[in-house]
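Take a look at the following structure, please.
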Amino acid sequence: MARLNVLKNHLPWTRTPLIVSAPMSGAATSKLAVAVTRAGGLGQIGFMDDMAALSNELNTAKHELQDLMNTLPNPQQLPIGMGVIVFGSPIEAFMQLFAAYQPAVAWLSFGSTSELRAWTEGIRRSSPETKVWIQLGSLQAALDVALVCRPDVLVVQGGDAAAHGHQNGASVLSLIPEIADTLQENELHDIPLVAAGGIVDGRGCAAALALGASGVVMGTRFLAATETQIPQSYRDAIFKASDGGEVTARSRVFDEIWGPNFWPTTYDGRCLKNKAYEQYRDGVGIDKIRNGLFSAIHRQDTEPLDAQELGSLWAGTGVGLVKSMENAADIVREVQGQTRKYLDRAMLSL
Ligand SMILES: Cc1cc2nc3c(=O)[nH]c(=O)nc-3n(C[C@H](O)[C@H](O)[C@H](O)COP(=O)(O)O)c2cc1C
């Protein structure tokens, strides 16, 4: 309970249970971030490597949220999160944006402990009120990061999650309790945990709270939001998919098809299975797979082709529960309402 209050203090406009839209690179722009924050969640802008474009997105969010900012204890703070993929990113350029826009949350992911430490310290110097959230996917990473970086929040990403994550990930069902116990043993239990991976509705959110999380992050569910910037063909593939463990897979091929894979070997990614994945699994060489993909992309001008065959459509195992387009605000409120209902129901059944 105390940790829930910590997050409410950090993010005073939010309502519980805390719903966070994932900083989905390429898909989560200011439009989604603003809609989620306005609905009482934490909206986030996904990672961008173009600083001018990112600054533009932050500026739009600031403009759209000015009235809300004026009601907050710190009216300079932009009530959204900003996602950074740490490895390979230019730290100084990002620090200028943190200082200029002072987002409520800096979401850091995918970096070594020493890189994450440098970013955490840099953010705390550039924008002291910004809270540092670090996403990771293993007990060891959680402990290292908690000891070395002392983040304000640890986002525990389970193996069901869409997109990049820890290659040898466990589900949040075991990962959160084990991380919580280990933090407790190391007197680090004041760091709140937020759950990510496979949570798409109030049942998942209720379960995450029962596991000890102080809030939940959803990516796959927000792919259905009208404000998310993805092609309709991607959304249609999400709505058509069912049986998430069968139709998605974790693999490094989803990055390798585009050229040399710069992702550290600790990480792979979960996507809707496609032809490239099947070929890779069957031992076809990567050059042949790339040639097939690039010629399909070339042909799409003249021949209707399945979106799933033309790209990496990131999706989590919860994809089968995502069935229709909705406004982001409706998603936030629906999941919050359902969570209360399912928690009440669980209490009654005891
Ligand atoms: C399209 C897409 C892009 C993503 N991009 C990022 C990213 O840039 N940085 C990051 O930390 N996580 C990213 N994620 C992962 C999310 O932060 C989160 O861990 C995940 O979506 C949670 O699992 P769920 O999809 O089952 O809800 C992305 C997810 C999706 C669906």
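No value in this document is a laboratory result; all are computed from the given coordinates. As the structure is a prediction and not an experimental result, all values here were calculated from the model. Please note: Cβ atoms are built from the backbone with ideal geometry, for glycine as well, and neighbour counts cover all protein chains shown.
What residue among Val172, Val156, Val322 shows peak mean-square fluctuation when the chain is described by a Gaussian network model with Cα springs under 10 Å?
Val322
At most 13 other Cβ atoms within 10 Å and a DSSP loop assignment: could you name the GluC sites (Glu not before Pro) in the stretch 152-222 that fit? The partial results should precede the final answer.
Working: sites: Glu178, Glu185, Glu187; in loops: Glu187.
Within the stretch 152-222, the qualifying GluC sites (Glu not before Pro) (loop, at most 13 other Cβ atoms within 10 Å) are Glu187.
With the dipole of the chain worked out from charges on the C-beta (+1 for Lys and Arg, -1 for Asp and Glu) around the Cα centre, which of Val322, Ala195, Ala207 lies farthest toward the positive end?
With unit charges placed on the Cβ atoms, the residue in question is Ala207.
Please give the contour-minus-distance gain from Lys8 to Lys323: 0.36 nm per residue of separation, less the Cα-Cα distance, rounded to one decimal in nm. Kindly include the intermediate steps, with their values, before the conclusion.
Details: separation 315, 0.36 × 315 = 113.40 nm, distance 3.09 nm.
Between Lys8 and Lys323, full extension yields an extra 110.3 nm.
Further question on the same structure: Lys/Arg Cβ at +1, Asp/Glu Cβ at -1, dipole of the chain taken about the Cα centre: which of Leu42, Gly83, Leu183 is farthest positive-ward?
Of Leu42, Gly83, Leu183, it is Leu42.
Same structure, new question: So how tilted is helix 172-185 from the main axis of the chain? Cα-based, degrees 0 to 90, rounded to 10.
40
Which shape class, rounded, prolate or oblate, goes with the stretch 242-314 when its Cα gyration tensor gives a ≥ b ≥ c as root eigenvalues, a/c under 1.5 marks rounded, and past that a/b bigger than b/c marks prolate? Please list the in-between numbers first.
Values: a/c = 1.83, a/b = 1.23, b/c = 1.48.
It is oblate, given that a/c is not under 1.5 and a/b is not larger than b/c.
Given the -39500 (n - 2.57) contribution per DSSP H run of 4+ residues, what per-residue ellipticity at 222 nm results for the chain, rounded to the nearest 500 deg cm²/dmol?
Working: 15 runs with 160 residues, N = 350.
Result for the chain: -13500 deg cm²/dmol, rounded to the nearest 500.
For the chain, what class follows from the C-alpha gyration tensor (a ≥ b ≥ c being the square roots of its eigenvalues): rounded when a/c is under 1.5, otherwise prolate if a/b is larger than b/c, else oblate? Walk me through the intermediate numbers first.
Working: a/c = 1.41, a/b = 1.31, b/c = 1.07.
The shape class here is rounded.
May I pose another question? Relative to the present Cα-Cα distance, how much length would full extension add between Asn168 and Glu129 at 0.36 nm per residue of separation? Don't jump to the answer; show the numbers that get you there.
Working: separation 39, 0.36 × 39 = 14.04 nm, distance 3.39 nm.
My answer for the length gained is 10.6 nm.
For the chain, what does the relative contact order come out to in percent, with C-alpha contacts under 8 Å and a separation of six or more?
Values: 691 pairs, mean separation 61.5, N = 350.
Relative contact order for the chain comes out at 18 percent.
Let me know the charge dipole size of the stretch 284-350 about its Cα centre in debye, to the nearest 20, where only the beta-carbon of Lys, Arg (+1) and Asp, Glu (-1) is charged.
340
Which of the lysines could be linked to Lys240 by a straight reach, that is with a Cα gap under 24 Å, when you skip same-chain ones fewer than 8 residues away?
Lys273, Lys275, Lys323
What whole number of Å gives the distance from the Cα centroid of the stretch 334-350 to the Cα centroid of the stretch 276-323?
39
Okay, moving on. Rounded to whole Hz and in sequence order, give me ³J(HN,Hα) for the stretch 203-212 from the Karplus expression 6.51 cos²θ - 1.76 cosθ + 1.60, θ = phi - 60°, writing x for Gly and Pro.
Result, ordered by residue: 5, x, 5, 4, 5, 5, 5, 5, 6, x Hz.
Another one. For the chain, with the dipole built from +1 on Lys and Arg beta-carbon atoms and -1 on Asp and Glu ones, taken about the Cα centre, which of Gly311, Ala276, Val132 lies farthest toward the positive end?
Positive-end residue among those listed: Val132.
Continuing with this model, one more query. Checking the a/c ratio against 1.5 first, then a/b against b/c, what shape does the Cα gyration tensor give for the stretch 207-332?
Values: a/c = 2.31, a/b = 1.47, b/c = 1.57.
It is oblate, given that a/c is not under 1.5 and a/b is not larger than b/c.
Still on this structure: How about Lys8: which lysines have a C-alpha closer than 24 Å to its C-alpha, ignoring those fewer than 8 places off in the same chain?
Within reach: Lys31, Lys62, Lys131, Lys341.
Which angle between 0 and 90 degrees, to the nearest 10, do you get for helix 91-101 versus the longest principal axis of the chain when only C-alpha atoms count?
Relative to the chain, helix 91-101 is tipped by roughly 50 degrees.
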